[in-house]
Every structure is written in structure tokens, then in C-alpha cells.
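Everything below concerns the one structure shown next.
The values are calculated or read from the model by the stated rules, or taken from the named source; none is laboratory data. Bear in mind that the values here come from a model prediction, so they are computed numbers and not experimental data. All Cβ positions, even for glycine, are placed from backbone atoms using ideal geometry, and neighbour counts span all protein chains on display.
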Amino acid sequence: MPHRAEPRLLWCLPLNTLLLVAAITIARLIYLAWLCPYNLVEDEAQYWVWSLRPDWSYYSKGPGIAWSILTSTRLFGISEFGVRVFAPLYLAVGALAAGGLAADASGDRRASFAGAALLLLLPVFALNGTFLMTIDGPMVAFWALACWAGFRALYRGSSWAWVVLGLSLGLGFLFKYTIALLLPSLLLAAVIDRKRLRVAKGLPLLMGTGLALMLLGLLPIAIWNQQNGWPAIAHFLGHANLPGGDRTQASGAMKYAPKWFFEFLAIQLAAIGPALGLMAVGLRTLPRVSEELKSATRFLGSMGLVTIGFYVLATFFTGVEANWTMGGYVSLTSLAGIVVARGMADWRERMKRWRALPVGQRPKEGFVLRRPETPVQILWHCSLAYCIAASVLMLRIDWLVKIPGVADRVAVHRLFGAPALAGAVEEILKQRTDSHGRPPLVSYHYGVASQLTFYLPGHPMVFVAGSHLGYRRTQWDLWPDMSLAQPSLKGGSAVLVGGSESQWKTLFGKVTDLGHLPQDLRKDRWVYFGEDFLGPPEKR
């Protein structure tokens, strides 16, 4: 790449981009504070429970999400807003980085607006910036920063970019391990475009510094996992249905289901929408424009397609969730931003020429309309319409499910009803309190246990029996005071939420079916009362 003065970072972020990100972020914070109708979903509640017990890492994830929620709840209190307040801020950081990368890679400041807008509004990202505080939002922020830093390190000769790259990767590891896919992505980009790289002097030292900073993020996770028998590896193998995983149904024999691949394609279409077309146009056409854009496309494509390709291969082993691929789309939103900046400039010029003609002499130049239309302009406008519609719908899904036939197709119990369920369970606990005191509460599932812990008065810890009922292990199995193998629990009674009567009878001498609670939106969940606790079968 030809040598040129290294652009200042603020040059890449024009005022309209900054105002867009600020306006949407402030609107989302207002929504979270006063308008959001959703209770904490199971994963959010789980991470909040983790934050009550700060540690160097946790069963399936690094400590970043727990530390983040611990900070936000210390600042804003234990509430739904307190848990979620950082979610829009993380996505804002990611949007600014994606917009800056688009402008920096293309040399066109206009590209930053579209790149930032897509990362803010695409459904795959917007959920985490609107009301969900999970590991994905922070991971996207650090993924975007790492991509931008990686570009500046490889193509702009920036020494500081290696520091930012290492820090971003290290901090990203604290939230989600899949940020490791950026390492082969960077390597691929450097190899296929090696003749046009421009790196700073002292490359070995710079790479070593970046690597050391990245390893700092891995260090607490590695130490904790080594001390606890490497549960993170067992969790990963369990997701892939491979031997050694923490899913008891994994037999070691791969049972391929063709639907996994087609479900994956459908999920990508729903999560990204028409913007997939913008990304495809960029991959195909930008390399033909100039050598600079060829390098930009190679870099941005490598940083995205390696991750997406990895999960395409994963569909031969397991089903792939919608959020797993989201990191791969970060750099592709920047690529789409470049396409939009160039394509819309061309469309506006065509519109200007067309409008300059007398009304009666204006030819039909569009595919559908009389006025000029271009593929990029159509894809951009369709993308905006799709994103805005999805963003509005996700604000009040409770209104959407009132449409006949929709409620049965949406898992509304994930977003609503946890406070009511906790209130009903609290009444049962009061009724069952006797001279021996209040009985403990045991759930079959960590997510339900987490929601009950959050919404019950006083936030009492709820036991999790899943690993003793045929489900995978959880963080609760690693906390000694939450172990069901404690001698003090033997012979006692407990209120049991979820699972089946036959499952609970493996743990209790007597189980009474209390039925389904009317307040529980999940229709297949029962509550029981267990007496004469026998202890976990493997501990008897």
C-alpha cells in the first residue's frame, strides 16, 4: 500500500456518525430506564448471580461479564436497569469502531456513517444494545476495536495499534472465547495481502507486546480452569457433541442432522437481512475499483469470513445459535458501509441528472419506479427499513404476541413472567415454613434458579440440581456452599421447581406434586415439594 500520512482517529469519525451513535445510545438508555417491559432473561440473571461471587473465571465463560455487571450494579443498584445499563454503551463502542474502520480502510469518511448504523441496528447486534446484557455485546465491542487496530497495525504502520490490538483481544477473551477466531483471520489477511502491508519498525517487539497483552486476558481464565479441572473445555466439547463434553447425551459418535445447515442459513438471513446483499456486493466489486480498496476488501473479508466459515463447518457437528456468528459480521458491516458510501453517491448523482430534465422528458430509469434506482440504493433502503422494523418490534414483543397465532410461536416465558413466578414461589415457601425454618429452594435449571434468585425478596441463592437429574454441570456445582452433597441437607425437605416427579424421586424419599403455577407462563413447568432428601446418587 502506498505510503501516506497516518490519518488521525478523529478524522475517521465525522460529526454525523458521532451524533447518530450518541442519539441511539441515549434513546436506548432511556428505554431501559423507564420503558423496557422485559424481565432479565435466564443468561442475564445467571451472569448477575456470578457477579455476586467475583472470581477469576466461571464454568462456561470468562469473568468479564460478571465483573461488568458487578460494576454496573454497584453504580446503579441491583435492578434490571442496573444489570443492563452497560449494554448500549458496549454496542456504541463497537459501532464507533466499525464506522472508524470503514472510513480508515476506504479513505472515505462517508463510509463511517453506514458502517456504524448497520452495527447499531442489524437485529443480530441490536438485541444486545437494546435490552440484553450478555457476553455478546462486550465481545462485539472488543472485536470491532481489534479489527480496527489490526488494520492500522498492518496497513497504517501504527505502533500503538499493536497495543490496542493486544488489549482488545485480551479483554475480549474475558467475555467470550470465540474472539480467538480473530487470530487466524489476521494471519490470513496478512498472508493473502503480504505485498501491500505497511507495518511499523520493530515488528518482533510490537508483536510480542500485543501477544503479551492478549495473554494477560487469558491468564486468569487459564489459572482458574486449571484449578477447577478445565470445565471450559468440557463445556465446549459438550456444545459440539464430542467425547469428553459436559452433556451426558453426547455419545462420541457424530449424528449429523442436515437440518442444522439449513437452519443456519435461515438464521443468518433473519439476523442480517438485506444487508447480506451489501456485504456480497462489497466482496465482489470493491477489489475492482482500486488497489487500496482491494486491500481493504481482503482484510475486512478475512476478518469476517473465517468466523462465518468456522460455524458453517460447525453445522456438521451441532446446531448453531444465531449469536455465534455475530463477530464475523462486524468487519463485514464496515465493508457494507464502504459500499453504501460509494453506491449512494452514485445514486444521488444519477438522481440529480434525472431531476435536471424537464418532467415530461424524464425516462424510466428504475427497476420498479420511474426515477433512478441502483442495486446498492435498493439494498441500503431495504436494509434500513428491515432494521428499523426489527428494532421497533423488539421494543415491545408483548404487543406482537397479542396477534392471534403469534403467541404460540414465541417463547414469551423467556421475556416475561419471572417476577410473577418468583412471587408465587415465595408464597409456597411461606406456606411450607415450619419449626425447622424456611425450606431451601431447588431448581432443575440454572437459568430458572438465577431468575428466582434475582426476583425473590432478599435475593436468596437457589440450589441447582440439573447435573444430578441428567443435565449438564453448571457453575453451581463448583460452589461448595451450593452443593447438594452437603451433609446438612440430608433428610431435609425443599421446594422444587421444574423437572419431573420421576427425576426428583431419585433425590427425595417423598415427592408431592404441587402442580403448575397459574402465574408461570411456561405451561410445562411443575412445582413439587420434596421430603427426606437422600443426597445426590453419586455421593451415597
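One line per residue, one yes/no per condition, for (1) surrounded by fewer than 22 Cβ atoms within 10 Å (Cβ to Cβ); (2) in contact (Cβ under 8 Å) with a residue 60 or more places away in the chain; (3) within 18 Å of the chain's Cα centre (by Cα):
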| site | (1), (2), (3) |
| --- | --- |
| A33 | yes, no, no |
| W48 | no, yes, yes |
| S68 | no, yes, yes |
| A103 | no, yes, no |
| G107 | yes, yes, no |
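Is it true that some residue in region 359-377 is in contact (Cβ under 8 Å) with a residue 40 or more places away in the chain and either buried (at least 18 other Cβ atoms within 10 Å of the Cβ) or acidic (D, E) (or both)?
Checked against the condition, which is being in contact (Cβ under 8 Å) with a residue 40 or more places away in the chain and either buried (at least 18 other Cβ atoms within 10 Å of the Cβ) or acidic (D, E) (or both), region 359-377 yields at least one hit.
Against the conditions (1) among the polar types (S, T, N, Q); (2) closer than 27 Å to G245 by Cα; (3) not in a helix (DSSP H, G or I), where does T512 fall short? Just the number, please.
So T512 meets the others, but not (2).
What are the pairs with Cβ atoms under 6 angstrom where one residue, in region 128-141, is in the same structural domain as W324 (by TED's automatic domain parsing) and among the hydroxyl-bearing types (S, T, Y) and the other, located anywhere, is surrounded by fewer than 24 Cβ atoms within 10 Å (Cβ to Cβ) and modelled with pLDDT of 95 or more? Sequence gap at least six, or different chains.
The qualifying pairs are T134/D43.
Identify, from the list F299, F264, the residue that is touching an Asp or Glu at 6+ places or on another chain (Cβ under 8 Å) and of a type in the set (F, W, Y).
Unique residue meeting the criteria: F299.
Step by step: first the residues of region 254-280, then only those that are in contact with a Gly (Cβ under 9 Å, 6 or more places away or on another chain) and either hydrophobic (A, V, I, L, M, F, W, C) or not in a helix (DSSP H, G or I) (or both), then the one that is modelled with the lowest pLDDT. Which residue is that?
Ranking the candidates gives A257 first.
A quick yes/no check of all residues on (1) farther than 29 Å from W50 by Cβ; (2) of a type in the set (S, T, Y):
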| site | (1), (2) |
| --- | --- |
| L384 | yes, no |
| A390 | yes, no |
| L400 | yes, no |
| A418 | no, no |
| A424 | no, no |
| T433 | no, yes |
| Q451 | no, no |
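Could you list, in sequence order, all residues of region 378-401 that are crowded, with 16+ Cβ neighbours inside 10 Å, within 24 Å of W347 (Cβ to Cβ) and either without any contact (Cβ under 8 Å) to a residue 24 or more places away in the chain or assigned by TED's automatic domain parsing to the domain that holds N39 (or both)?
The answer is I378, and nothing else.
Considering only region 507-514, I want to know if a residue exists there that is touching a Pro at 6+ places or on another chain (Cβ under 8 Å) and modelled with pLDDT of 95 or more.
Yes, some residue in region 507-514 is touching a Pro at 6+ places or on another chain (Cβ under 8 Å) and modelled with pLDDT of 95 or more.
Select from region 172-200 the residues that are without any contact (Cβ under 8 Å) to a residue 60 or more places away in the chain and touching a Ser or Thr at 6+ places or on another chain (Cβ under 8 Å) and list them in ascending order.
A200 - this is the single residue of region 172-200 that is without any contact (Cβ under 8 Å) to a residue 60 or more places away in the chain and touching a Ser or Thr at 6+ places or on another chain (Cβ under 8 Å).
Given region 354-459, what helices (runs of 4 or more DSSP H) lie entirely inside it while holding 1 or more residues that are in contact with a helix residue (DSSP H, G or I) (Cβ under 6 Å, 6 or more places away or on another chain), closer than 30 Å to T333 by Cα and polar (S, T, N, Q)?
In region 354-459, 375-395 are the helices (runs of 4 or more DSSP H) which contain 1 or more residues that are in contact with a helix residue (DSSP H, G or I) (Cβ under 6 Å, 6 or more places away or on another chain), closer than 30 Å to T333 by Cα and polar (S, T, N, Q).
Is it the case, given these coordinates, that D481 is in a helix (DSSP H, G or I) and acidic (D, E)?
Yes, satisfied.
Would you be able to tell me the number of residues in region 314-353 that are assigned to a helix (DSSP H, G or I), under 19 Å from L127 (Cα atoms) and among the β-branched types (V, I, T)?
Of the residues in region 314-353, 3 are assigned to a helix (DSSP H, G or I), under 19 Å from L127 (Cα atoms) and among the β-branched types (V, I, T).
For every residue, the table says whether it meets (1) surrounded by 14 or more Cβ atoms within 10 Å (Cβ to Cβ); (2) within 15 Å of P440 (Cβ to Cβ); (3) of a type in the set (A, V, I, L, M, F, W, C); (4) touching a Phe, Trp or Tyr at 6+ places or on another chain (Cβ under 7 Å).
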{"residue": "L484", "(1), (2), (3), (4)": "yes, yes, yes, yes"}
{"residue": "S488", "(1), (2), (3), (4)": "no, yes, no, no"}
{"residue": "G492", "(1), (2), (3), (4)": "yes, yes, no, yes"}
{"residue": "V495", "(1), (2), (3), (4)": "yes, yes, yes, yes"}
{"residue": "K505", "(1), (2), (3), (4)": "yes, no, no, no"}
{"residue": "P518", "(1), (2), (3), (4)": "no, no, no, no"}
{"residue": "L521", "(1), (2), (3), (4)": "yes, no, yes, yes"}
{"residue": "D524", "(1), (2), (3), (4)": "no, no, no, no"}
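Looking at W50, W34 in this structure, which one is closer than 19 Å to D481 by Cβ, modelled with pLDDT of 95 or more and in a helix (DSSP H, G or I)?
So the residue among W50, W34 that is closer than 19 Å to D481 by Cβ, modelled with pLDDT of 95 or more and in a helix (DSSP H, G or I) is W50.
Check A385, A420, A389 and return the single one that is over 24 Å from A27 (Cβ atoms) and among the aliphatic types (A, V, I, L, M).
A420
Could you please give the count of residues in region 286-316 that are free of Cβ contacts under 8 Å to residues at least 60 places away in the same chain, crowded, with 18+ Cβ neighbours inside 10 Å and farther than 25 Å from W260 by Cβ?
2
Yes or no: L237 at negative phi and either at pLDDT 95 or above or touching a Ser or Thr at 6+ places or on another chain (Cβ under 7 Å) (or both)?
no
When you go through Y455, Y444 one by one, which is the residue that is out of contact with any strand residue (DSSP E or B) (no Cβ under 6 Å at 6 or more places or on another chain), under 30 Å from R53 (Cβ atoms), without any contact (Cβ under 8 Å) to a residue 60 or more places away in the chain and surrounded by 14 or more Cβ atoms within 10 Å (Cβ to Cβ)?
None of the others qualify; the one that does is Y444.
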